[in-house]
Amino acid sequence: MPEPVSNVPPRTLRAISEIPLSRLHGVGPAMLDRLALLGIANIGDLVTYYPRRWVDRSKQQPIEHTQADDEVTIVGDVTSIRSSRTRQRRAMVQATVSDGTGSLAVTFFNQAWRARQLSVGTQVALFGKVGVFRGRRQMTNPTVDVLGTTAERRTGVVVPLYPTSEKADLGSGQLSRLIRSALHRIVEFADPVPAAFRKQHGLPDRTWAMNAIHAPSSLADAYRARRRLALDEFLRMQVALVSRRRYYEAHTVGVVCDVDAGLVGSMLERTGFSLTADQSAAIDAIHADMASTVPMGRLLQGDVGSGKTVVAVAAMLRAIESGHQAILMAPTEVLAEQHARGIASLLEGVMLETADNLLGERPLRLALLTNQTPASERKALNAALGRGEIDLVVGTHALLFGDWDYRSLGLVVVDEQHRFGVEQRAALSSRAVPPHQLVMTATPIPRTAAMLIYGDLDRSELRQMPPGRTPIATRLVASDDVGDDAVAQLVRSAVADGHQAYVVCPLVSPSDNIEARDATTTYENLRSGPLTGLSVGLLHGQMSPGDKASAMDGFRTGEIEVLVSTTVIEVGVDVPNATVMVIYDADRFGLSQLHQLRGRVGRGQHSSTCLLVASPQTTTGDKRLQAMVDSSDGFALAEIDLEIRGAGEVFGERQAGISDLKLGRIPRDAALVDLARGLAEEIVGSETGEVGSPQIFEEITDLLGSDQDFLYKA
Ligand code: ADP
Ligand code: MG
């Protein structure tokens, strides 16, 4: 590690990014092009190009101690290599690797490029299973990491391995050498994390961490460095989120909704049930938010069936009784229609005081708006909204972003949508008078993940289920004849008891590329085969809106006993008489999605069953399905899902900030997110949202992109 030199001042990442790569020894135009292919355009990019992992050369298995069938990592030098073809004309590359204790024959099939990658003298780490062939130790198609070549022979015991690409034609060893020379040039990094905080939490300073992640003296140091630099990533995101929220609070005057004219109480009375403690707490928090001049930004999380709708209605009624309007947006037409129906029945008989007529009160006025609403009706609706003749609109997302002339929009509720991201929320917030916002999701987002994605929202959780729901038994059967029999038996017996069943398939129609069941064929097969005599219906997204609606209606009224569908029924659909959920090729779905689907049953008093039909080909597929059988807790399943698939997969790479993470990973780094959040709250001015650290301000605008305009520095 270079000794700090006192006459070189600590440098910020921005200052470092201003040093051209060509300053480094041996970096000419050709090298610049190759680095550019890895997304490295300046020295800042170079030093934040982190190792994928490290190999500790002192911890490897000596070749002489390996036994047949051991899975091991071997570190050694290539001592011979040659290419040939097998009798079947397959490319074959044969190498010998020696480590001083012995040698190993390595054979690669169909990997002709290995002959270019490896040459005599290349040091490699091999991971694979040891076999013995004609008395000789050997490995076939092992995983290979190139540690270096003779020219760049390393002294360090721990070797960093960098992600490289064949196209860039840059070895991990070359990258390591370049990065070290950059670090040597930089000498000292300015550290935005206060020394006292570092000390309190056992975090090294940035200079140490940057050197230790690229050239660690032990694996423990490498991990310690990784932790520190991951904290920096989370810190930038959290400062941005906290700042956004505080700035908003300080600079926005919203619609105060603080009138209690008895609407909420009268609606709750009509439901005939008493709220769960979580529902009451959520409603109280929402009403408190809405009474303030600061527009509410709240996330309501609750598993399927936890009763979010009644909470949303309590919020909307508060807006209405305070003299404003409310809208509720659903992701699909089916859901919008269902919500409109459900809400209308909750509001039946709820009267609003008015001076406009002799009775002194009037019923609430609700409108439904979907793609099916004709243009003329829309025009009339818009006029009515402008005059304040409509209290509440239920519709799909896309439509409600149009230019509607509300008389006074007090509240926007967004249902079942974790894809409703920061940008959409920002669009709402930028209205002249921003409405309160309530975002509801049944995809339980682990707290730490929510802190990344919804870090600028307050949260309410419905963890208790309303009474009267019966647990759902989940079973797993193979995709074969036995599985098909189990499906037929289960569905028939449910229908014989007067209940209904869903059958879900991954595809709409047969596909050449994807081997999975499709709803169209399954529908034909079931009704002409195992389910003859039953009333079977079909529902998928490619049907006309009219056909979709009639399938849904048929199922709701019970006329259709078995509904074969795609995941269009995933969210929110509520048919309490359905007690069976069959999911074909269940391994094709994510855990959260499976859990959502399963939540379509178990909504009434009758016991329900979910049958997962699959023969998963991968261990993660296996794990997911087993988790479904073992757990019915959406939050627990969401954690497992995150662990198995990673945040990028679960939420989409483009979701706020996740693609900015190079080192940080959730849920693994949950504790770091918490730590970063705490520090962010100290760094951001509590009154105004200003970012108290110019250096972090700079890093956020440089690294998280230019759409961070709301930030302002002290
Ligand atoms: P979700 O959270 O999935 O949107 P819903 O709001 O659709 O759940 O509620 C599911 C069902 O539970 C509805 O039929 C609703 O009327 C009922 N429900 C909601 N809250 C309660 C409660 N506190 N007690 C009994 N039933 C309730
Ligand atoms: Mg719902």
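3J(HN,Hα) couplings calculated from phi for segment 583-591 with the Karplus curve 6.51 cos²θ - 1.76 cosθ + 1.60 (θ = phi - 60°) are, in sequence order, 10, 7, 6, 4, 5, 7, 9, x, 4 Hz; Gly and Pro show x. At the listed q of 0.15, 0.16, 0.26 Å⁻¹, the Debye profile of segment 516-583, built from one uniform point per Cα, gives log10 I(q)/I(0) equal to -0.45, -0.51, -1.41. Here the Karplus relation 6.51 cos²θ - 1.76 cosθ + 1.60, evaluated at θ = phi - 60°, turns the backbone of segment 402-412 into coupling constants of x, 8, 9, 8, 5, 6, 7, 7, x, 8, 10 Hz, with x for every Gly and Pro. The amide H of VAL393, built 1.01 Å from its N in the peptide plane, has ALA326, ILE327, LEU328, ALA367 as neighbours under 5 Å, considering only residues 5 or more places off or on other chains. Computed packing ranks the peptides 123-134, 623-634 as 623-634, 123-134, most packed first, by mean other Cβ atoms within 10 Å.
Look at the alpha carbon pairs under 8 Å that are at least 6 residues apart: their mean separation over the length of segment 53-161 gives a relative contact order of 31 percent.
Distances between placed amide hydrogens fall under 5 Å for ALA516 paired with SER511, all partners being 5 or more residues away or on another chain. Pairs of Cα atoms nearer than 8 Å and 6+ residues apart set the relative contact order; for segment 164-249 it is 20 percent.
Percentage of Cα-Cα pair distances in segment 1-151 greater than 21 Å, rounded to whole percent? I get 58 percent for the Cα pairs in segment 1-151 exceeding 21 Å. Percentage of Cα-Cα pair distances in the chain greater than 47 Å, rounded to whole percent? For the chain, the share of Cα pairs beyond 47 Å comes to 34 percent. Taking the Cα centre of segment 472-631 as reference, the dipole from Cβ charges on Lys and Arg (+1) and Asp and Glu (-1) amounts to some 440 debye.
Mind checking which lysines have their Cα closer than 28 Å to the Cα of LYS59? Skip sequence neighbours fewer than 8 apart in that chain. Partners found: LYS129, LYS662. Computed about its Cα centre, the charge dipole of the chain is approximately 2960 debye, with only Lys, Arg, Asp and Glu carrying charge at their Cβ.
The peptide list 172-184, 260-272, 35-47, put in order of mean Cβ contacts within 10 Å with the highest first, becomes 172-184, 35-47, 260-272. Seen from GLY554, the other residues with C-beta closer than 13 Å to its C-beta sum to a net charge of -2, counting Lys and Arg as +1 and Asp and Glu as -1.
Couplings 3J(HN,Hα) of segment 337-354, computed from phi: 5, 5, 5, 4, 5, x, 5, 4, 6, 5, 8, 4, x, 7, 10, 9, 5, 8 Hz, in residue order, whole Hz [Karplus 6.51 cos²θ - 1.76 cosθ + 1.60, θ = phi - 60°; x for Gly and Pro]. For a straight C-alpha distance cut-off of 18 angstrom, the aspartates and glutamates reachable from LYS623 (same-chain residues fewer than eight places away being disregarded) are ASP585, ASP587, ASP633, GLU639, ASP641, GLU643, GLU649. Amide H to amide H, with H built 1.01 Å from N, LEU161 comes under 5 Å of ARG52, ARG53, TRP54, VAL55, counting only residues 5 or more places away or on other chains.
In this simple spin-label approximation, GLU681 and THR618 carry label points 7 Å from Cα along the Cα→Cβ vector, and these lie 3.8 nm apart. With contacts taken as Cα pairs under 8 Å and at least 6 residues apart, segment 464-553 reaches a relative contact order of 15 percent. Each helix, a run of at least 4 DSSP H residues, gives -39500 (n - 2.57); summed and divided by the residues of the chain, these come to -11500 deg cm²/dmol at 222 nm.
Bear in mind these aren't lab numbers, they're just calculated from the coordinates by the rules spelled out. Given the structure is predicted, the values throughout are model-derived calculations rather than measurements. Reconstructed Cβ throughout: ideal geometry from the backbone, glycine too, with neighbour counts over all protein chains shown.
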